[in-house]
Amino acid sequence: MRLADLTQHAGEWLRGEGPMYDVVISSRVRLARNLAGMPFLGKCTETQQQEIEQRLRTEVLAGPAAPEMFYVDVRAAGELDRRLLVERHLISRQHAEASHPRGVAVSGDETVALMINEEDHLRMQVLRTGFQLAQAFEDISRIDDALEQRLDFAFHSRYGYLTACPTNVGTGLRVSVMLHLPALKMTGQIEKLFHAASDMHLEVRGLYGEGTEATGDFFQISNQTTLGKSEQQIVSEFVDTMVPSFVQYERRAREALLAERPAAIDDKVARSVALLRSARLMSSDETMYLLSLVRLGANLRRVEGMDLKTINELFLLTQPAHLQRILNREMTPDQRAAARADYLRRRLNLN
Amino acid sequence: MKNQCDKCGKPATVYLTEIVGGQKIEKHLCEHCAAAEGITIKSNVPISQLLEDFILQSAGGEDEASEPTCEVCGMTFSQFRQGGRLGCPNDYDAFAKPLAPLLERAHEGATHHMGKVPHRADSGQKKQAAILRLRAQLKAAIADEDYERAAVLRDQIKEFESS
Ligand SMILES: [Zn+2]
Ligand SMILES: [Zn+2]
């Protein structure tokens, strides 16, 4: 498995299936760890950073999951490859844009990504399609347990796992779900959800498109605090109460829209399909906005011939780095807008 | 990059893009005006905000000379306040006092870890701190071009790590 093989399809997390997939796009857990006896990254010399990278790279690739893992030396990778990894949610923007020695180990199905020398020495991530937080947490715990057999992580009797930023200390666990909430947004109820989330000490962020602005109807909800609760507590609050209630709000809003204003929904969906199938210039933000509505239409069975897998895949494959990789040439934003529109027409006019 | 609120000119914290009739509309709003528009995005209190609040609280009367410093990595508390990232694991002890209220605020009042404990936790903080100290000495030895001492220190670190 090499980076170049990734471009043509989407990772497991965009398969568009799994529990509550109509609202929950994906589930993600992340653990932050640092090697004991080493300064945090900011105070490391370059030699120490190299030492950390080599040490962790060796251990990570020696683990039980190793045969199906591949490693990307992010410092040596070209800009397009780094952006590709960001678009696939395998590394962070920060990791892509840094300049020190660093890398990422990725499993073949892309559910596991282990970032070395991000803000902490090791940032482990498991990302799965639909609402599979419990499964994702099991996966990541297994990886962490295996690594702990061979590595000492910085740990403090009072503060738990130590991290470079004090907001991650304790469990180092960040749990999040990516939600698709078009009906709540359309009916002006998204504010209520934000209030509910903030009462529950959750963080809500828009999904970022090409710019740095939140785009469209996708929202990522994560836990804000990492200290004072056990991992199981953090996960089960999400699994048992928070996510199911958000899913229910959205489903109710969809049902109400459909009952009260079916023509309004059908019109939005049909216009989106028509634009995607015939436009000649398409920005990535507009693409995301339109695909969101088509996804809603497909979930409500108001549109023919659009399967969720294709729609999800298009969210990814129309992003700048992917588009340039698929078409195998570098393009300016204007050229991309034309190429993106072409690509969408080709993919969506097949059936 | 524009970073003022479209409505009132205060610093904008909420950035939104909406596409209406194929026209892209960008909105930059402060939290207050975003709430009035019904589009608040409640975000994690960023570390920079926590630190800013903290500085306001402790402003005045603090003696720079007596400011806490980590003897292992050399990080001072004001460096941490500026950058928002700690220098090494020992900082959690070196800055224990000023860090405690900050951690409490960042974690909804929590003061202690309640989660997983590594299997090898018995290898202990003392050992971790000792290795950290040896590494600091190693760095200094290399800076002084005292390679003999550096070699000895390297061996000591290896020994500690494999014990
Ligand atoms: Zn304002
Ligand atoms: Zn330190």
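The values are calculated or read from the model by the stated rules, or taken from the named source; none is laboratory data. None of the values given here were measured: they were computed from a predicted structure. Please note: Cβ atoms are built from the backbone with ideal geometry, for glycine as well, and neighbour counts cover all protein chains shown. Note: accessible area is taken over every heavy atom of the protein model, side chains too, but ligands, DNA and RNA are not part of it. Shrake-Rupley method; radii C 1.70, N 1.55, O 1.52, S 1.80 Å.
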Discussion item. List the residue pairs whose Cβ atoms are under 7 Å apart, where the first residue sits in the range B:81-92 and is charged (D, E, K, R), the second is away from ligand 2 (no atom under 11 Å from the Cβ) and assigned to a helix (DSSP H, G or I), and the two are 6 or more positions apart or on different chains.
Written reply: B:Arg81/B:Leu51; B:Arg81/B:Ile55
Worksheet item: Taking the range A:97-110 as the search range and keeping residues that are closer than 19 Å to A:Leu6 by Cβ and open to solvent by 10 Å² or more (accessible area, probe 1.4 Å), which one is farthest from the chain's Cα centre (by Cα)?
Response: A:Gly108
Item to complete: Can you give me the number of residues within the range A:1-53 that are within 12 Å of chain B (Cβ to nearest Cβ), open to solvent by less than 30 Å² (accessible area, probe 1.4 Å) and among the charged types (D, E, K, R)?
Response: 1
Worksheet item: When you go through A:Gly228, A:Gly172 one by one, which is the residue that is in contact with a strand residue (DSSP E or B) (Cβ under 6 Å, 6 or more places away or on another chain) and closer than 25 Å to B:Leu102 by Cα?
Response: A:Gly172
Practice prompt. Residues being open to solvent by 10 Å² or more (accessible area, probe 1.4 Å) and either at pLDDT below 90 or within 22 Å of A:Met288 (Cα to Cα) (or both): count how many of those fall in the range A:220-230.
Written response: 2
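Could you check the range B:81-163 for helices (runs of 4 or more DSSP H) lying wholly inside it with 3 or more residues that are buried (at least 19 other Cβ atoms within 10 Å of the Cβ) and either among the aliphatic types (A, V, I, L, M) or more than 7 Å from chain A (Cβ to nearest Cβ) (or both)?
B:96-106, B:124-143
For A:Ser176, are the conditions met, namely being surrounded by fewer than 18 Cβ atoms within 10 Å (Cβ to Cβ) and small (Gly, Ala, Ser)? Can you show your working first?
Numbers: surrounded by fewer than 18 Cβ atoms within 10 Å (Cβ to Cβ): no; small (Gly, Ala, Ser): yes.
For A:Ser176, the condition - surrounded by fewer than 18 Cβ atoms within 10 Å (Cβ to Cβ) and small (Gly, Ala, Ser) - is not met.
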Worksheet item: Of the residues that sit in the range A:247-272 and are β-branched (Val, Ile, Thr) and in contact with a helix residue (DSSP H, G or I) (Cβ under 6 Å, 6 or more places away or on another chain), which one is farthest from A:Leu348 (Cα to Cα)?
Response: A:Ile265
Worksheet, complete the sentence: Considering the range A:192-205, residues that are at the interface with another protein chain (Cβ under 7 Å from one of its Cβ atoms) and open to solvent by 30 Å² or more (accessible area, probe 1.4 Å), and then whichever is nearest to A:Gly297 (Cα to Cα), we arrive at A:Arg205
Discussion item. Please pick out the residue among A:Glu260, A:Glu255, A:Glu304 that is at pLDDT below 90 and surrounded by fewer than 22 Cβ atoms within 10 Å (Cβ to Cβ).
Written reply: A:Glu304
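Would you call A:Leu114 part of a strand (DSSP E or B) and either hydroxyl-bearing (Ser, Thr, Tyr) or open to solvent by less than 10 Å² (accessible area, probe 1.4 Å) (or both)?
Values: part of a strand (DSSP E or B): yes; either hydroxyl-bearing (Ser, Thr, Tyr) or open to solvent by less than 10 Å² (accessible area, probe 1.4 Å) (or both): yes.
It is true that A:Leu114 is part of a strand (DSSP E or B) and either hydroxyl-bearing (Ser, Thr, Tyr) or open to solvent by less than 10 Å² (accessible area, probe 1.4 Å) (or both).
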